[in-house]
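To keep things clear, I will list the structure first and then write my remarks on it.
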Amino acid sequence: MQVGEQLPARSYRVTRLDLIRYAGASCDFNPIHWNERFAEKVGLPGVIAHGMFTMALAGRAVCEWAGAADAVVDFTVRFTRPVVVPDDDSGTEVVFAAAVKQIGEDGLAHLELSATCNGEKVLAQARAVVRTNG
């Protein structure tokens, strides 16, 4: 990694089946994550992915860029917009990108991430610090 480097984009598809699996793993069965009628009734555009699932996908991208999960020193995001997941077999795609903003003498690289779904930003202030020197 070098300062100013744009890391290769990572893209992950999210389907309703993913939401069901995540609900079971997290014990978060809020109907906004599986029931279209309920989601719309509370003012959402449709069923949305769990925020922490979206963050986990960002974390997956960071781990891939870093080369290993234990190279991630710090990771933070803010949620700006929900990831709407249609009720079809293809779901939706979330795309993550990152730029290397700084590398310290300690070998820690500071990354600034972006996350978009259907061209809209879904995370803000998304940052990670990763070890670059093994």
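Mind jotting down the three principal axis lengths of the chain based on Cα atoms? Whole angstrom, largest first.
Principal extents (largest minus smallest coordinate, Cα): 53, 28, 24 Å.
Need one number: nm distance between label points at T92 and E112, each 7 Å from Cα along Cα→Cβ, rounded to one decimal.
If labels sit at T92 and E112, their model points lie 2.5 nm apart.
Tell me the mean residue ellipticity at 222 nm calculated for the chain from its helices only (DSSP H runs of n ≥ 4, each -39500 (n - 2.57), averaged over every residue, nearest 500).
About -7500 deg cm²/dmol.
Please list 121-131, 42-52 highest first by mean number of surrounding beta-carbon atoms within 10 Å per residue.
Ranked by mean Cβ neighbours within 10 Å, highest first: 121-131, 42-52.
For the ranges 91-98, 13-20, what's the packing order if you count other beta-carbon atoms within 10 Å of each residue, average per peptide, and put the highest first?
Sorting 91-98, 13-20 by mean packing, highest first, produces 91-98, 13-20.
Using +1 at the Cβ of each Lys and Arg and -1 at the Cβ of each Asp and Glu in the chain, identify which of F53, I20, I32 lies farthest towards the dipole's positive end.
I32
Just how large is the dipole of the chain about the Cα centre, in debye to the nearest 20, putting +1 at every Lys and Arg Cβ and -1 at every Asp and Glu Cβ?
Roughly 220 debye for the chain.
How far, in nm, would the chain grow between E64 and A99 when pulled straight, counting 0.36 nm per residue and subtracting the alpha carbon separation?
Length difference between fully extended and current span is 11.2 nm.
Say each of E120 and A9 gets a label point 7 Å from the Cα, pointing the same way as Cα to Cβ; how far apart are those two points in nm?
It works out to 1.8 nm between the two label points.
FYI, it's all coordinate maths here, none of it is from the lab. Note that the structure is a prediction, hence the values are computed from the model and not measured. Reconstructed Cβ throughout: ideal geometry from the backbone, glycine too, with neighbour counts over all protein chains shown.
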